[in-house]
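Working notes, structure below.
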Amino acid sequence: MTETTKTHVILLSCGSFNPITKGHIHMFEKARDYLHKTGRFIVIGGIISPVHDSYGKPGLVPSRHRLTMCQLAVQSSDWIRVDPWECYQDTWQPTCSVLEHHRDLMKRVTGCILSNVNTPSTTPVIGQPQNQTPPIYQKHNNMNHKPNPIKLWGKISESLGKICCVRPHIDRFTFVDENANLGTAIRYEEIELRILLLCGSDLLESFCIPGLWKDSDMEVIVGDFGIVVVPRDGADTERIMNHSSILRKHKDNIVVVKDGMNHPLAIVSSTKSRLALQHGDGHVVDYLSQPVIDYILQSQLYINASG
């Protein structure tokens, strides 16, 4: 397959990130490497979306801290970015709404075909444009104008930068102005872009817990978008998927990362990281990057059991 016939992917990870660990970043890297090895995908970017403060999880520190820690964790990455949209909403947003937001935004910004658009968005993202602006890519006969992953993600970042503004109470973060004029989206026929939810096998297993997820939300997440699962601690993903009729139905939309190595739960667990911080355990450096540790100590976060 050529670059233009492969599916271009943006990996989206939702969660508390309380705090973000080395394991969270490692999941992105493992997923990207595996998707590239399949020969069917090109990962052009990754997005970390911390959950809203009203999620109500015990010990959840305010989003301004979690956003800052996430930004510090990816400051050396050239393909993973932190998005504060979810934190800036009036209340908690279900995962399917976060996926729909980013799908609609990418469609408007890039003008690319997004294959996971079966379900209309229920959350208005951007006001209707009044003036037309050129799409990021149009067809060109000159091969020098052909898009590639670096150009595509670079153009997305550049376009987002032009329409971002700053929230006063978190001055280091930008968010996309929902009233910004992005122009009319024009389909770019040579690029297929998908947003896939990146998760661990624990989230996959949560789909099987009766009443925890709405069936309609699961249909959107797995059926319309798709997920990339990085197994943890030898989890039997095949068994997990067989326990859910929706997961079985959309099995082709679930990519399980297989590299012969288990993903240790300890290095991705925020809970273990908080316990290590509370107990002064030197192994915290195995879980968290040094800039994140420095920020936690400076801000006096997680110094007791309540967070």
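The set of residues in the range 82-102 that are touching a Leu at 6+ places or on another chain (Cβ under 9 Å) and not acidic (Asp, Glu) comprises 82, 84, 85, 87, 95, 98, 99, 102.
So is residue 68 within 20 Å of residue 271 (Cα to Cα) and crowded, with 23+ Cβ neighbours inside 10 Å or not? So residue 68 does not fit the description; no.
When residue 100 is tested against (1) within 20 Å of residue 17 (Cα to Cα); (2) open to solvent by less than 20 Å² (accessible area, probe 1.4 Å); (3) among the acidic types (Asp, Glu), exactly one condition is not met: (1). For the structure I just gave you, tell me whether residue 29 is under 20 Å from residue 204 (Cα atoms) and acidic (Asp, Glu). Yes: the conditions hold for residue 29.
When residue 298 is tested against the conditions (1) open to solvent by 70 Å² or more (accessible area, probe 1.4 Å); (2) assigned to a loop (DSSP other than H, G, I, E, B); (3) within 19 Å of residue 71 (Cα to Cα); (4) not charged (D, E, K, R), the lone failure is (2). Considered as a group, the residues in the range 90-138 that are of a type in the set (S, T, N, Q) and at pLDDT 95 or above include one that is nearest to residue 14 (Cα to Cα), and that residue is 95. Residue 202 fulfils the conditions (1) touching a Ser or Thr at 6+ places or on another chain (Cβ under 9 Å); (2) open to solvent by 40 Å² or more (accessible area, probe 1.4 Å); (3) not in a loop (DSSP other than H, G, I, E, B) except for a single criterion, (1).
The values are calculated or read from the model by the stated rules, or taken from the named source; none is laboratory data. From a predicted model like this one, the values you see are computed outputs, not experimental measurements. All Cβ positions, even for glycine, are placed from backbone atoms using ideal geometry, and neighbour counts span all protein chains on display. With ligands, DNA and RNA removed, areas are computed over all heavy atoms of the protein, side chains included. Shrake-Rupley method; radii C 1.70, N 1.55, O 1.52, S 1.80 Å.
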